[in-house]
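See below for the structure under consideration.
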Amino acid sequence: MIRILVLSNPAERAQALSLRAATGGGHQVTAAVADIIAEVRTRGDAAVRELTERFDEARLESLFLDEARWDALAAKCPAPVREALALAHERVRNFHQPQIPASYSTKLEGGGILRSLIIPLRRAACYVPGGRAAYPSTVIMTAAVARLAGVPEVIVATPPRRDGTILPEVAAAARLAGATRILLAGGAQAVAALALGTGSVPRVDVIVGPGNAYVTEAKKQLSGEVRIDSLAGPTEVVIVADSSADPRQVAADLVAQGEHDPLALSVLVTADPSLARRTIDALERELSEHPNRIAAESLGAHGAAVIARDLDEALSFADELAPEHLELLLRDAPSALSKVPRAGAVFVGYHAPVPVGDYLAGPNHTLPTGGTARFASPLSASDFVRRQNVIEYGPRQLESDAGAIETLARAEGLHGHARAIEVRRK
C-alpha cells in the first residue's frame, strides 16, 4: 500500500520528489525504435505490415480501414456510449473554439502592410492507444480539435485487433470527431509511417496523442521530421486535501489514476496526518471490495501520502511537482488556485475528480506529464495551425526605412544586404 512521507524530513522529502517513474524506456527501447524507424524509412508499407503482424498479430490487406467496415463498426457502438461521445464532442468543441488564433495586420507610416496569417496544417495524425484499454475519448480530444482548427485531413492511428478491425466505440468516435481516415497501425511503426510517409500512408504535419514508451521514443526520434505535441510519460495525479476531505473520495481518486498504468503517479499531499492514515485505510477497503491489479501495483510503487507542515507547504510542494492532474479537495479550494500555477489541469472542489476532465467537461485531457507543466500546456486548437508572416512594402515605405536598414546591415558586415536596398533607391 502507499507509504507515508513527511516533508520536514529531508530524506523523505527527497523520496517524495523521486516517486515519479523515469520517463523513457532506456537504451533497449531507444535502439528498438531506431531499428523500427529505419525499417519503415527503407521498406515503407511492407515494414508497417510486418511489424503490425509481429506486435499485434493482425495480418492486414490494407493499412487503412475501408469506409464500409468503418461504418459497420461504428453502427455497433452502443447507443448510450454514442450519446455520451456526442455530448463530449459538443463540450470539447465549445471549450476549444476560442483557442483558435486570429490573423491580424498592421500598417506602417509609409504605407507598408504587415500581416500574421493563421493557416491550418494540411494533415494531422491522432494516435489512439490500444492495449490495456480503449480510448474513444482520446479520439474526441484530438481529432475533433484538429478539425475545429480547420485541418482538412485528420488520420486516426490505432492498433488493430487480431481480426484487423478496431473497437466499435473508437470507430464511432472517429466518425463523430470528423476524422477522415483510420490507420490500422500502432506503436513506433505507426509514428514512423506518419512522420516519414510510405507508399500508402501520407506524411503528416503533426502527430498528437498519448502512447507507450515506444510511441514516445518514436516521437522523440522523429521530432525533426514532424511536429509533435509532447513526449508524454506515465499519467499522474496529485491531490492536495485538508481535514474536510472524505478519505473514501481521496482513495477512489488515487485508484482511478493508478489503474491507467503500473507506472502512474498517485500522491496525496496534506497537512492532516489523520486524513493520510484514514485514506490508507480507505484504499485498503476500496481495493479489497473492488480489486484493481494495475492500480494496486502502481500505488505500491509510485503512490504516497505526503505530510506537510501546513496548507501553504502542501500547495508549494504540489506546485514543485508540476503534475499532469492536480485536485484541490479543500474547504476553500478556489482561493488556493493562484498558489499552484504549474499543473497541467487543476480540478477544484470535492465534485470535480479527474474523470470529469478525462471525459466530459470540455478542456483537453492530453496534458503535460513528468513535471513539464512547468513550461508546457495542454493540447489546444493552436497546436493544429501555424503562423505565416507577410511583409508588403511600396516605394514610399522602402525609402522611409532604407537608411536604417543599410546602417544595420553594414554594422553586421553584411554589405550585400545593404546593396539589395541600395539598388532599389536609384
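Some values worked out for this structure:
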| quantity | calculated |
| --- | --- |
| GNM flexibility winner over the chain from Ala409, Ala333, Ala345 (Cα, springs under 10 Å) | Ala409 |
| Tensor-based shape of the chain (alpha-carbon gyration tensor, a/c under 1.5 rounded, otherwise prolate or oblate) | oblate |
| Ellipticity estimate at 222 nm from DSSP helix runs (n ≥ 4, -39,500 (n - 2.57)) divided over the chain, nearest 500 | -13000 deg cm²/dmol |
| Order of Leu299, Leu60 - criterion: other Cβ atoms within 10 Å of each residue's Cβ, fewest first | Leu60, Leu299 |
| Gyration tensor verdict on the stretch 26-228 (Cα atoms; rounded if a/c is under 1.5, prolate if a/b is larger than b/c, oblate otherwise) | oblate |
| Angle in degrees between helix 45-56 and the longest Cα principal axis of the chain, rounded to the nearest 10 | 10 |
| Shape category assigned to the stretch 142-213 from the gyration tensor of Cα positions, a/c cut at 1.5 | oblate |
| Proxy reagent accessibility, fewest Cβ within 10 Å first, across Glu57, Glu236, Glu297 | Glu57, Glu297, Glu236 |
| Alpha carbon centroid spacing (whole Å) that separates the stretch 343-397 from the stretch 109-181 | 15 |
| Candidates Thr52, Thr138, Thr42, ranked by Gaussian network fluctuation over the chain, Cα under 10 Å, top entry | Thr42 |
| Within straight-line cross-link reach of Lys107, aspartates and glutamates at Cα separation under 17 Å, skipping those fewer than 8 residues along the same chain | Glu392, Glu399, Asp401 |
| From phi via Karplus (6.51, -1.76, 1.60), per-residue ³J(HN,Hα) for the stretch 402-415 in Hz, x at Gly/Pro | 4, x, 5, 5, 4, 4, 5, 4, 5, 4, 8, x, 9, 6 |
| Listed residues Ile155, Phe384, Pro395: farthest to the positive end of the dipole of the chain (Cβ charges) | Pro395 |
| Relative contact order of the stretch 26-228, defined on C-alpha pairs under 8 angstrom at six or more residues apart (%) | 29 |
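We did not get these values from a lab; they are worked out from the coordinates using the rules stated. Computed from a prediction, not measured in an experiment: that's the story for all the values here. Methodologically, a virtual Cβ is constructed for each residue, glycine included, from the backbone with ideal geometry; neighbour enumeration extends over all protein chains shown.
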